[in-house]
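Taking it in order: structure first as structure tokens, then the write-up.
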Amino acid sequence: MPGYRGVVRGSLVTVPLLTPRLQLRAYDAAADAAFVRDLYSREEVQRWIGDGTQRVRTLGEAREKIRRWQGLYSQHPVHGAWLVRTHERTRVGTVLLKPIPDSAADTAHDIEIGWHFHPHAWGHGYATEAAHAVLAHAFAAGLTRVVAVTHPANEASQAVCLRLGMTPRGLSRAYYDAECALFERTAPAAAPRGTCGEAPLTGAASSAAATEQKGTSDHG
Ligand SMILES: CC(C)(COP(=O)(O)OP(=O)(O)OC[C@H]1O[C@@H](n2cnc3c(N)ncnc32)[C@H](O)[C@@H]1OP(=O)(O)O)[C@@H](O)C(=O)NCCC(=O)NCCS
């Protein structure tokens, strides 16, 4: 994969984001490994991701997963792998914004958004709220189109897509060498000056200067 060398090079520039209930920041391999192991060891989380068989079983594997994300996405000004926490600092999940691999080719032309949340945090609207902030960040940064793909049977994830105002495009084999339900959202048109045009994705998140000391105060 381009950019991944197994180690983190350069500075991490993932933009922190705030929503009314949530904080999104770059993953920290030391501080967040236990959460990553807990989240990605679960059958109910992994069942619709990839072939459904992958599990993170150890803290070492969790740290490696975080470092891989950092190597791939965290040095990019727009892409990212965000840890999502409540303002009470309970870790609840992950939102990713990244190139999506084309089927049958070592290429990636489109950008996808994805979400993986801990079962204890399902049913609160957190995934939608966090992904809304990431979409707003993506469009504010100049992206014109973001896609999401789900397993055709993953109704919970498809419901998130619809809550986000993404348009269903039916089943597609364009990505991941697999048949997926495809959704897309295009950037809101800029409102003409002097009008009160709807801008539903621009005010949902603040791109906050990080107010936290990364990884210092929230170890289990
Ligand atoms: C996909 C996934 C993130 C969906 O999580 P979710 O909690 O159902 O999604 P949302 O954040 O949109 O929450 C919506 C639910 O919260 C409820 N809710 C409660 N309080 C709410 C609030 N204040 N605001 C909004 N919704 C609220 C909604 O009514 C809805 O419940 P319902 O599904 O019973 O109708 C979750 O199932 C998951 O992580 N699955 C495993 C990983 C996975 O499959 N990822 C996708 C791969 S493509």
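Placing unit charges on each Cβ (+1 for Lys and Arg, -1 for Asp and Glu) gives the stretch 17-186 a dipole about its Cα centre, and among Ser103, Ala136, Met166 the Cα reaching farthest toward its positive end belongs to Ala136.
Other residues with beta-carbon under 12 Å from the beta-carbon of Asp177 carry, at +1 per Lys or Arg and -1 per Asp or Glu, a net charge of -3.
Projecting the Cα atoms of Val45, Gly71, Tyr126 onto the charge dipole of the stretch 17-186, computed from C-beta unit charges around the Cα centre, puts Tyr126 farthest toward the positive end. Among residues other than Val147 with Cβ under 12 Å from its Cβ, the summed charge is 0 (Lys and Arg +1, Asp and Glu -1).
So, with a 1.4 angstrom probe, what is the percent of accessible area on the stretch 1-124 that is carbon and sulfur? Of the solvent-accessible surface of the stretch 1-124, carbon and sulfur hold 51 percent. The residues of the stretch 58-115 have, on average, 39 Å² of accessible surface per residue, using a 1.4 Å probe with all protein chains present.
Here the Debye sum runs over all C-alpha atoms of the stretch 17-186 as equal scatterers in vacuum, and log10 of I(q)/I(0) at q = 0.10, 0.12, 0.15 Å⁻¹ comes out as -0.34, -0.51, -0.83.
The values are calculated or read from the model by the stated rules, or taken from the named source; none is laboratory data. These numbers come from a predicted model, not from an experiment. Methodologically, a virtual Cβ is constructed for each residue, glycine included, from the backbone with ideal geometry; neighbour enumeration extends over all protein chains shown. Note: areas computed on protein heavy atoms with side chains; ligands, DNA, RNA excluded. Shrake-Rupley method; radii C 1.70, N 1.55, O 1.52, S 1.80 Å.
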